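Visitor: Attaching a single structure in structure tokens format; questions to follow.
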Amino acid sequence: MASTKATAAPSAVAKETLAYCTSCKIDLAHLIVSMKGDKIAKVECKTCKKTHGYKAPKGVTEVAPKKKRASKKNEDGSPSATTIEAEWEKLMSAHREAPFKGYTMKSKFILGDKIKHPTFGEGIVGKLIYPNKLEVIFRTDIKVLIHGGA
Ligand SMILES: [Zn+2]
């Protein structure tokens, strides 16, 4: 192989390329003004006719960083438990004065009653469900209990 032909890359100067225009602030067709090695150095915006350093089209390069909102739940491990506990603590301190009522299916409860349940522990009535159910917020779980049993 004795070929000494230097195959210089064909210059891209004066060709058209899509680039981000720093004046128009959008991706536009530009004419390549100068090259640096095999990279585009300067371009002329076909729209505003300004010459500026080449910037890759935004639509191509900067699409990813925008969507950085991962669902909040996944970020800190055990979401539901901590939320329930926070709610439970809030309700407990809001009803600090109220005495605990022992839970039986025959007792009647109202909203905000504090319940001492043999299995679930201390809870507070967060919701009344017609006709005879209660939604009770316990420290780590929300349970639906029956009350006012006839
Ligand atoms: Zn422009």
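The values are calculated or read from the model by the stated rules, or taken from the named source; none is laboratory data. Just so it is clear, the structure is predicted and the values come from calculations on it, not from any experiment. Cβ placement follows ideal geometry from the backbone for every residue including glycine, while neighbour counts extend to all protein chains displayed.
Visitor: Any idea which residue in the range 50-67 is modelled with the highest pLDDT, counting only those that are in a loop (DSSP other than H, G, I, E, B) and more than 14 Å from the ligand (Cβ to nearest atom)?
Guide: Our first condition is that a residue be in a loop (DSSP other than H, G, I, E, B); within the range 50-67, this holds for 50, 54-57, 62-67.
Now restrict to residues that are more than 14 Å from the ligand (Cβ to nearest atom): 56, 62-67.
Values: ALA56: 92, GLU62: 47, VAL63: 46, ALA64: 48, PRO65: 48, LYS66: 48, LYS67: 49.
In this case the residue turns out to be ALA56.
Visitor: Scan the range 28-49 and report the pairs whose first residue is within 14 Å of LEU18 (Cα to Cα) and at pLDDT below 95 and whose second residue is within 8 Å of the ligand (Cβ to nearest atom) and aromatic (Phe, Trp, Tyr), with Cβ atoms within less than 8 Å and a gap of 6+ or a chain change.
Guide: Cβ pairs passing all conditions: none.
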